[in-house]
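Taken together, the values in this text are just the output of simple stated rules run on the coordinates, not laboratory data. Note that this is a predicted model, so its numbers are computed, not measured. For neighbour counting, all protein chains shown are included, and Cβ atoms are generated from backbone atoms with ideal geometry for every residue, glycine included.
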Amino acid sequence: CVHGPNNLCLFVLFKRKNKAVTGIIYVKGLVDREEERILKLFVVARDRGPSSRIKSSKVLVTINVTDQNDNAPSINIQGIGLVKYQDGVSKISEDLPVGTPVALVQVSDRDEGENAVVTCAVDGDVLFQLQPASDQKGKYFLQTTTLLDYESVKNYSIEIVAVDSGSPALSSTLSLIVQVTDVNDNAPNFSPATIEVDFPENNYRGQKLLDLVATDPDSGINGQLVYSIIDRFAKRLFEVDANTGEVRVRTVLDREERERYVFCVAAADMGVPRKTVMNCSF
Ligand SMILES: [Ca+2]
Ligand SMILES: [Ca+2]
Ligand SMILES: [Ca+2]
Ligand SMILES: [Ca+2]
C-alpha cells in the first residue's frame with residue numbers, strides 16, 4: 001500500500017512477465033476531485049539483491065483526477081439593503097416600487113466545467129423574478145415584478161431552483177417566504193357618506209341618535225379608527241364615542257325651536273400619516 005496525498009491508499013501490484021515487471025496501481029479509497037485534483041506519488045522498484053546492495057529506481061506518478069458531476073448546486077439567500085432575511089423569511093413593505101430587490105441569491109457548484117455551470121430560476125407563477133447581478137457570476141437579485149398589496153396577499157412562498165449543466169444534471173431547491181408588511185395606504189370609509197335620521201323631540205339627555213361605522217382595510221393602528229364631531233356648534237348638542245362611533249344627543253331637542261341639524265363626523269385612523277374621512281348626518 002502506498003499512501004498518497006490526503007491519506008488516499010493506492011495499491012501497487014507487481015506482475016512479472018518474462019523479464020519485465022509491471023506495477024499496476026489500484027485505487028483502494030474514494031477519489032474526490034473537489035478535495036484533491038492532482039495526486040502525486042513515487043513508486044519505487046527495488047531488486048531483490050542482498051540487503052546491503054539493493055538497487056532501486058523510483059518514478060513520480062501524477063494522477064489528474066477528472067471531474068464527475070457529483071455535487072448539486074448550492075443556493076444561498078441573504079437580505080439586501082433595508083430588507084432583512086432571517087429564518088427563511090424576507091420582510092418587505094407593501095409600498096415598494098416594482099423591481100425592488102427583496103433578497104440576494106447566490107448559487108455555486110463545487111464541480112468544474114459544465115458540471116458547475118448553474119442556471120437558476122423562480123419556480124411557479126409568483127410575482128418575483130431573479131435578475132442576474134452584473135458584477136458577479138452566480139449572483140442574483142430576487143425582485144418584485146408588480147406592485148404588492150398587503151390587503152390582498154400577505155405572504156408569498158417562493159421556491160428557487162438551481163440546475164447544473166452536467167449529464168445527468170443535478171438540481172437543488174431552496175424556499176423562502178416573502179412577508180409583506182402593512183403601510184397606511186387606505187383611508188377610512190363611511191358607507192353611505194351621508195345619513196339622514198328622524199329623531200323624536202323631547203328626548204332625554206345622552207339618548208342615542210345612531211351608530212356610525214367606518215371601515216379601514218389596513219391593519220393594526222393603520223386601521224384603528226377614532227371618531228369625532230367636526231362642527232363646533234354641533235359639539236354642544238351632539239357627542240360621538242371616539243371608539244365606537246355611537247352618536248348621542250346631549251341636550252333636549254325641541255322641533256318647534258329647530259327641526260333640522262346638519263353636522264359632520266370624522267373618522268381618522270391612527271397610522272402615520274393619519275388618514276381621515278367625513279360623514280355628514282342630517
Ligand atoms: Ca465533482
Ligand atoms: Ca454539479
Ligand atoms: Ca388606514
Ligand atoms: Ca395597507
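Here are the numbers for this structure:
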item: Entries of Lys91/Lys137; Lys40/Lys137; Lys91/Lys275; Lys91/Lys139; Lys84/Lys275 with Cα pairs more than 22 Å apart; result: Lys91/Lys137; Lys40/Lys137; Lys91/Lys275; Lys84/Lys275
item: Cα gyration tensor shape for the chain, rounded if a/c is under 1.5, else prolate or oblate; result: prolate
item: In Hz, Karplus ³J(HN,Hα) per residue of segment 37-53 (6.51, -1.76, 1.60; θ = phi - 60°; x = Gly, Pro); result: 8, 10, 10, 10, 8, 9, 10, 10, 10, 10, 7, 9, x, x, 4, 6, 10
item: Amide H within-cut-off set for Ser90, under 5 Å, with H built and near neighbours excluded; result: Ile177, Val178, Gln179
item: CD proxy at 222 nm, helix term only [per DSSP H run n ≥ 4: -39500 (n - 2.57); per residue of the chain; nearest 500]; result: -500 deg cm²/dmol
item: Between segment 237-282 and segment 135-180, the Cα center-to-center distance that results, in Å; result: 50 Å
item: Dipole of the chain [Lys/Arg +1, Asp/Glu -1 at C-beta], most positive-end residue of Gly124, Ser52, Pro217; result: Ser52
item: Simple Cβ-charge dipole of the chain, Lys/Arg +1 and Asp/Glu -1, about Cα centre, in debye nearest 20; result: 3000 debye
